Each structure stands twice: as C-alpha cells, then as structure tokens.
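Enquirer: My questions all concern the structure below.
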Amino acid sequence: MKINELVLVSVDDHLVEPPDMFTGRLPKKFEVKAPRIERLPDGSDVWMFNGTIIPNIGLNAVAGRPREEYGVEPTAFDEMRPGCYDVHERIKDMNAGGVLGSMNFPSFPGFSARLFAACEDKELALSVLRAYNDWHIEAWCGAYPGRFIPCALPVLWDAELCAAEINRVAEKGCHSLTFTENPATLGLPSFHDSRWDPVWRAVCDNQVVLSIHLGSSGKLAFTAADAPIDVQITLQPMNICSAAADLLWSQVLKKFPAIRVALSEGGTGWIPYFLGRLDRTYEMHRAWTGQDFGDRLPSDVFREHFLTCFITDPVGLKLRHEIGLDNIAWECDYPHSDSTWPHAPEQLADEARDVPDDELEQIAWKNACRWYGFDPFAFRNRERCTVAALRAETPDHDVSVRSFGRRTVQQNAVGVDLGTLAARATS
C-alpha cells in the first residue's frame, strides 16, 4: 500500500489538560477546590489538587522538540507544542501527521485517575472526575466529531459508582474506560476479587473496552533503585504482560465472557512467546491448579478478549498471524517521547512493507474502529480520510523539529536513576 493511501487510527495518544478545563463544570461549592495550574519559581507549570503538586513531566510533551531536550524535568505550557493541550492545534498536528483518528489518555490525574481516588473528600473527587469526563467527551472529542475516540476515567474507589459512571458516559457515546494494570498495587481489590463485578458487568452491558495503559498502576518495572533509567524504559512492557496474565487466569473472563481488554502501549513482539507460555502452563498444570477453559486453549481465550497495541514493532508485524490479525492495533503516542509523529505513516509503511494491503488496513484502522465502535466515515467520506487528504488540509502547518525550551536543562552524563524517577512518578 502506498503511504498516501493509508488510513490511520491511533488507539493510544495523550493530551495535556488545558488550565481552563474545569471552568463552569463543577458545583459552586467545589469551584475553589478544583484542580488548578500554578507557575513555580523555576518557571514550570504544575497542577495543584487536594494538597498534591503534579508537574507536567517533560517526556510527556516532547512532540516536535529535539531529542537533546528530552528529560523528566517539569515543563511549562509555553515549552510544548500547542497541539499537546489545544484541541484545534491537535487537529492540525493530526492532519499534518496523516492521522485520522485518535484516542487520548489523561496526563495529570494519572492514566487510571488515581490522583482523584486518593482524595479524602469523595464527593469532591467524584464531582471532579465527572467534570473531567464531561470535558473530555464534550469539549475535547466533541469539538471535532469523527476524529477522536472518547476514553473515560474510572471511579476506582467504588465499584458501584464506577459502574454508574460507565453507564453515564456510554450514553454520551464513550466506549473506552482507562483502567489500572494492577489495582492491588494501589491498595484496591485485585482482579481476582468479586468486588469489581459491577464494573465488569457495566463495561460488558455497554460495549466498553477496558483500556489498560502501560504504567497505570503507578509502579515502575525496575531492578534496583540505583539502576539507570534505560532499564525501566526497556522493561516497560513487563507491566502489561503481568496485567494480561493476571486477567487471563482470573475468573473475570469466565464470569463475563463479553469483556474486552486493550493492552495499551504494551507492544506486540512478545505476544507469541506469551501465548505459547500460557498454553504450556495450562497443559502441564491445570490438573492441580484447577483452571478450566473447556475445549479451548488459553491462547484462544486471549485472542477473544485482548487487543494488543504497538507504536513501532517490526517483530510483532512479522509474527502478526501468531498474534492474531484481529488483535493488533496501531498507535502514534503523540506527544510522548516514543511517538513517531509527524512521520508515522512513513514509519509504519516501512515496517509493514511485506504486509499485504488488506492485513495492513486491519492493523492501521479497521481493528480500532471495530473494537471501539468508532465510525469516522459517518462524518467524512473515505477519500478524505487518507494520509494524503489529511495532509492536504493543513499544507503549511509547521512540523519541523525546533527548540521549545525557555530554560536550560542540565543533562547528567549518567542519566537519571530509577529511585529518583519513581519518587516523581505520577502516571
């Protein structure tokens, strides 16, 4: 397939929440307690909520910046591309990058909204969380129908309230719920606890995908506190691997056979080994562990329930038939440091040069649309959805790499150790 003919729908991008997102969306008694942006003396912009300071971490908003400016230091809005936090500029960046559709995970609340879950005033927490979901669905996604896949935050502290919120946002057309990869690490019931059943029932009843993003447990996969950051970056998919194993061997899939789970930003190259390991474990140990999938293998169950997602993964593309063509979706990861924007079409086409056109279409957009009930063609015809057509809509949009830094970032020759990073982690 020619690059210009590609249609791309990304199931994993991110947004940096704008400072005015809660304006007019909270009851009057909570307005003064709403999350707010403050500028620190060092020039960084941080969110303040419930006595907690949440910085905008640099790596989360480096699209268009030179790699020499990457880092975990806090950053400010005027050090980011406006497309990080301005939906109108985001659409221009999507067009210039040839991306038709995008699902955007949160930033300052954490991928699973654990910031709100930690708030002692649960009435305030619920009000803020619902305001966030309304803003995301109505103001962000609603600004450009057919361009965004809405993704709601969960009410982690109360399964019944979470189910009610799933029902509420589903009525607004939202069919994705971001969730933690391991609730037990947050002091919550594990995936093996039936107290989550109202949540699983609600996502099934409303055809909502449980989108489990890498890092959403708030725990970094690393070996030692003094290990270099490269260790954690390399091991990132291990958290997602653990979540997949935890859910597959749990009772969740047996009790709720309609449940669907996306392993967001988890990569795909490791999946064939994982499936083989599942089947081998089942074959060798089910007699004494008590597992029973009837006449199916665990790998069959995995393919029925899990969507795997990748940014760039040549090995996964080569092994696509062992993973399952219906179970692979593409991601852009804008504006994070792993993103392939603005050359995502070229990157994907190069890696998929041996993939037949019909199979590439499944991976590039069809699986995403099917899993999330997303129909961009209801808003624009197919010919206007290609890389070439989108880029033609914003022909003069600047996507050149340039410095956005106002401040000098001190680069450490030995990098950042994991103990330091873990102390700063917010996602």
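The values are calculated or read from the model by the stated rules, or taken from the named source; none is laboratory data. It should be emphasised that the depicted structure is a prediction, and the values quoted were computed from it without experimental measurement. Cβ atoms come from the backbone with ideal geometry, glycine included; neighbour counts cover every protein chain shown. To get the accessible areas, we keep the full protein, side chains included, count just its heavy atoms, and leave off ligands, DNA and RNA. Shrake-Rupley method; radii C 1.70, N 1.55, O 1.52, S 1.80 Å.
Enquirer: How many residues does region 170-207 contain that are open to solvent by 10 Å² or more (accessible area, probe 1.4 Å) and more than 20 Å from ALA245 (Cβ to Cβ)? Steps first, answer last, please.
Expert: Our first condition is that a residue be open to solvent by 10 Å² or more (accessible area, probe 1.4 Å); within region 170-207, this holds for 170-173, 175, 182, 184-190, 192-195, 197-198, 201, 204-207.
Checking which are more than 20 Å from ALA245 (Cβ to Cβ) leaves us with 170-173, 175, 187, 195, 197-198, 201, 204-207.
Of the residues in that region, 14 qualify.
Enquirer: With respect to LEU317, is the statement that it is within 26 Å of ALA61 (Cα to Cα) and either open to solvent by less than 10 Å² (accessible area, probe 1.4 Å) or of a type in the set (Ser, Thr, Tyr) (or both) true?
Expert: no
Enquirer: Tell me which residues, restricted to region 244-262, are in contact with a Ser or Thr (Cβ under 9 Å, 6 or more places away or on another chain), open to solvent by less than 40 Å² (accessible area, probe 1.4 Å) and over 15 Å from SER299 (Cα atoms).
Expert: Scanning region 244-262 gives a single hit, ALA262.
Enquirer: Looking at LEU275, LEU307 in this structure, which one is in contact (Cβ under 8 Å) with a residue 40 or more places away in the chain and in contact with a Pro (Cβ under 8 Å, 6 or more places away or on another chain)?
Expert: On the way: LEU307 fails: in contact with a Pro (Cβ under 8 Å, 6 or more places away or on another chain).
Unique residue meeting the criteria: LEU275.
Enquirer: Looking for something assigned to a loop (DSSP other than H, G, I, E, B), of a type outside the set (A, V, I, L, M, F, W, C) and surrounded by fewer than 23 Cβ atoms within 10 Å (Cβ to Cβ) - is there at least one such residue anywhere in region 234-242? Please lay out each step first, then the result.
Expert: We begin by selecting, within region 234-242, every residue assigned to a loop (DSSP other than H, G, I, E, B); these are none.
Scanning region 234-242 turns up no residue that is assigned to a loop (DSSP other than H, G, I, E, B), of a type outside the set (A, V, I, L, M, F, W, C) and surrounded by fewer than 23 Cβ atoms within 10 Å (Cβ to Cβ).
Enquirer: Ok, one more. Working only within region 269-314, note down all residues that are within 21 Å of the chain's Cα centre (by Cα), open to solvent by 30 Å² or more (accessible area, probe 1.4 Å) and more than 19 Å from ASP246 (Cα to Cα). Please lay out each step first, then the result.
Expert: At the first step, the residues of region 269-314 found to be within 21 Å of the chain's Cα centre (by Cα) are 269-271, 302-314.
Those left that are additionally open to solvent by 30 Å² or more (accessible area, probe 1.4 Å): 270, 303-304, 312, 314.
Answer for region 269-314, where residues must be within 21 Å of the chain's Cα centre (by Cα), open to solvent by 30 Å² or more (accessible area, probe 1.4 Å) and more than 19 Å from ASP246 (Cα to Cα): THR312, PRO314.
Enquirer: OK, next. What do you reckon, is TRP330 in contact with a Gly (Cβ under 6 Å, 6 or more places away or on another chain), modelled with pLDDT of 95 or more and under 20 Å from VAL99 (Cα atoms)? Explain how you work it out, then say what you get.
Expert: On the way: in contact with a Gly (Cβ under 6 Å, 6 or more places away or on another chain): no; modelled with pLDDT of 95 or more: yes; under 20 Å from VAL99 (Cα atoms): yes.
No.
Enquirer: Just wondering, is there one or more residues in region 45-54 that are of a type in the set (Phe, Trp, Tyr) and within 18 Å of the chain's Cα centre (by Cα)?
Expert: Here is the first cut: in region 45-54, the residues of a type in the set (Phe, Trp, Tyr) are 47, 49.
If we keep only those that are within 18 Å of the chain's Cα centre (by Cα) too, we end up with none.
No: region 45-54 contains no residue that is of a type in the set (Phe, Trp, Tyr) and within 18 Å of the chain's Cα centre (by Cα).
Enquirer: Only one of (1) within 23 Å of LYS219 (Cα to Cα); (2) open to solvent by less than 10 Å² (accessible area, probe 1.4 Å); (3) hydrophobic (A, V, I, L, M, F, W, C); (4) at pLDDT 90 or above fails for ALA61. Which number is that?
Expert: For ALA61, the failing item is (4).
Enquirer: Show the residue pairs that are 6+ apart or on different chains and have beta-carbon atoms under 9 Å apart, the first residue being within region 244-270 and more than 18 Å from ILE149 (Cβ to Cβ), the second being among the acidic types (Asp, Glu) and open to solvent by 40 Å² or more (accessible area, probe 1.4 Å).
Expert: What qualifies is LEU253/GLU304; LYS254/ASP292; PRO257/GLU304; ALA258/ASP205.
Enquirer: Since VAL99 meets every condition but one in (1) over 24 Å from PHE179 (Cα atoms); (2) without any contact (Cβ under 8 Å) to a residue 12 or more places away in the chain, which condition does it not meet?
Expert: VAL99 satisfies every listed condition except (2).
Each row is one residue, and each column tells you yes or no for (1) over 21 Å from ASP12 (Cβ atoms); (2) at pLDDT 95 or above; (3) crowded, with 18+ Cβ neighbours inside 10 Å.
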| position | (1), (2), (3) |
| --- | --- |
| ASP354 | yes, yes, no |
| TRP365 | no, yes, yes |
| PHE374 | no, yes, yes |
| PHE377 | yes, yes, no |
| CYS385 | no, yes, yes |
| ALA388 | yes, yes, no |
| ALA392 | yes, yes, no |
| GLY419 | yes, no, no |
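Enquirer: Among the residues of region 269-294, which ones are in a loop (DSSP other than H, G, I, E, B), within 23 Å of PHE256 (Cα to Cα) and not aromatic (Phe, Trp, Tyr)? Steps first, answer last, please.
Expert: Here is the first cut: in region 269-294, the residues in a loop (DSSP other than H, G, I, E, B) are 269-270, 290-294.
Checking which are within 23 Å of PHE256 (Cα to Cα) leaves us with 290-294.
Selection gives GLY290, GLN291, ASP292, GLY294.
Enquirer: I'd like to verify a number: residues in region 144-169 that are open to solvent by less than 40 Å² (accessible area, probe 1.4 Å), of a type outside the set (Val, Ile, Thr) and out of contact with any Lys or Arg (no Cβ under 8 Å at 6 or more places or on another chain), how many?
Expert: Here is the first cut: in region 144-169, the ones open to solvent by less than 40 Å² (accessible area, probe 1.4 Å) are 146-156, 159, 162-163, 165-166, 169.
Pick out the ones that are also of a type outside the set (Val, Ile, Thr) and you get 146-148, 150-154, 156, 159, 162-163, 165.
Those left that are additionally out of contact with any Lys or Arg (no Cβ under 8 Å at 6 or more places or on another chain): 147-148, 151-154, 162.
Of the residues in that region, 7 qualify.
Enquirer: If you don't mind, there's one more thing I want to ask. Report yes if some residue within region 147-162 is in contact with a helix residue (DSSP H, G or I) (Cβ under 8 Å, 6 or more places away or on another chain), small (Gly, Ala, Ser) and at positive phi; otherwise report no.
Expert: Taking region 147-162 first, the residues in contact with a helix residue (DSSP H, G or I) (Cβ under 8 Å, 6 or more places away or on another chain) are 147-162.
Filter again for small (Gly, Ala, Ser), leaving 152, 159.
Filter once more, so that each one left must be at positive phi: none.
No, region 147-162 contains no residue that is in contact with a helix residue (DSSP H, G or I) (Cβ under 8 Å, 6 or more places away or on another chain), small (Gly, Ala, Ser) and at positive phi.
Enquirer: Do you know which residues across region 325-347 are touching a residue at least 40 places away in the same chain (Cβ under 8 Å) and either polar (S, T, N, Q) or touching a Leu at 6+ places or on another chain (Cβ under 7 Å) (or both)?
Expert: Matches in region 325-347: ASN327, ALA329, TRP330, HIS336, SER337, SER339, ALA344, PRO345.
Enquirer: Follow-up. What are the pairs with Cβ atoms under 6 angstrom where one residue, in region 79-91, is within 18 Å of GLY43 (Cβ to Cβ) and the other, located anywhere, is assigned to a helix (DSSP H, G or I) and open to solvent by less than 10 Å² (accessible area, probe 1.4 Å)? Sequence gap at least six, or different chains.
Expert: MET80/ALA61; CYS84/ALA61
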